[in-house]
Amino acid sequence: MTAPVEKKVEESVKPVYSYDEDGFFADTHIAQINPKNPKQWLMPARVTTVKPALTPKFFYKIKDETKVDSGWDAVPYPASAADFVGVQIPHQSRTMHNNILRTLLTSFVQADPEHYREVAVNDKDGNKVATTVEKIPEPTPEELKERKAAEVRAQRDYLLNKTDYLVSGDYPISAEDLAKVKAYRQELRDLPEQEVFPESVEWPTEPKVKIVRE
């Protein structure tokens, strides 16, 4: 008795494939035969009887929402942060499609923070309505030069701090070595005066000093 019952149940239901409000595949559901009309199926909203291929890293978008046997268009996942520039992911939406997009967007921006940043899109009242990606403008030649200058100054300051103890007044070195250290430190301070600063700085050589023992 079990087999005929199971077969009867199988014949009274069939799988259908739902899509979200944007037309993208969302889930698999079951349609049932209308008990009042055995020739008619009770179909959930926004479904098709055609199964999408479900190839990894592809979205599937319904071709024709007016047809219950519509096929799907395969849409590849975005491949980089650049693919998200100008694309707005609704903040309140929690569809599978938008959740995947949101995860990809964040991971791509985190992988290339020098060129892209995640940006909130707000309405006129300041409420967040979407997330998108913005390309960070390339630095100007002046900005690149200032960035390099800051790096050189930071290294210069490190080397000065490294030799502070030698000119503290109580470190036991000879007058000759002390003069060498002071000259070295002055060369470090004068680095910004070099004509090649900051692109190709000529760094002075740190002098070697000996401890003078009494």
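Only the coordinates and a few stated rules stand behind these numbers; no lab work does. Just so it is clear, the model here is predicted, and its values are computed rather than measured. Don't worry about glycine lacking a Cβ; one is built from the backbone with ideal geometry, like all the others, and counts go over all protein chains shown.
Rounded to the nearest Hz, the phi-derived 3J(HN,Hα) couplings of the stretch 53-59 under the Karplus curve 6.51 cos²θ - 1.76 cosθ + 1.60 (θ = phi - 60°) are 5, 6, 5, x, 6, 10, 8, where x marks glycine and proline. Straight Cα distances below 17 angstrom link LYS148 to the aspartates and glutamates GLU114, GLU138, ASP157, ASP190, GLU193, GLU195, GLU199, GLU202, with same-chain residues fewer than 8 positions distant left out. Amide H contacts of ALA26: SER18, TYR19, ASP20, each under 5 Å away and 5 or more positions distant or on a separate chain (H built 1.01 Å from N in the peptide plane; Pro and chain starts excluded). Candidates THR66, HIS91, PHE197 compared by Cα position along the dipole of the chain: farthest toward the positive end lies THR66, with charges placed on Cβ.
MET96 sits among other residues whose Cβ lies under 13 Å from its own Cβ, and their net charge, with Lys and Arg +1 and Asp and Glu -1, is -1. LEU54 sits among other residues whose Cβ lies under 14 Å from its own Cβ, and their net charge, with Lys and Arg +1 and Asp and Glu -1, is +1. For a straight C-alpha distance cut-off of 20 angstrom, the aspartates and glutamates reachable from LYS67 (same-chain residues fewer than eight places away being disregarded) are ASP20, GLU21, ASP22, ASP27. Taking the Cα centre of the chain as reference, the dipole from Cβ charges on Lys and Arg (+1) and Asp and Glu (-1) amounts to some 1200 debye. Only one residue of GLN40, THR28, THR131 has its Cα farthest out toward the positive end of the dipole of the chain, where Lys and Arg carry +1 and Asp and Glu -1 on Cβ, and that residue is GLN40. Over the chain, Cα pairs under 8 Å with separation of 6+ residues give a relative contact order of 11 percent. Each label point was placed 7 Å from the Cα along the Cα-to-Cβ direction; for ASP157 and LYS182 their separation is 2.5 nm. Sorted ascending by nearby beta carbons within 10 Å, beginning with the fewest, LYS57, LYS148 become LYS57, LYS148. For the cross-link pairs LYS63/LYS128; LYS61/LYS135; LYS14/LYS57; LYS162/LYS182, the ones whose C-alpha atoms lie over 19 Å apart are LYS63/LYS128; LYS61/LYS135; LYS14/LYS57. Remark: spin-label model distance THR49-VAL201 equals 7.6 nm, labels positioned 7 Å along the Cα→Cβ axis.
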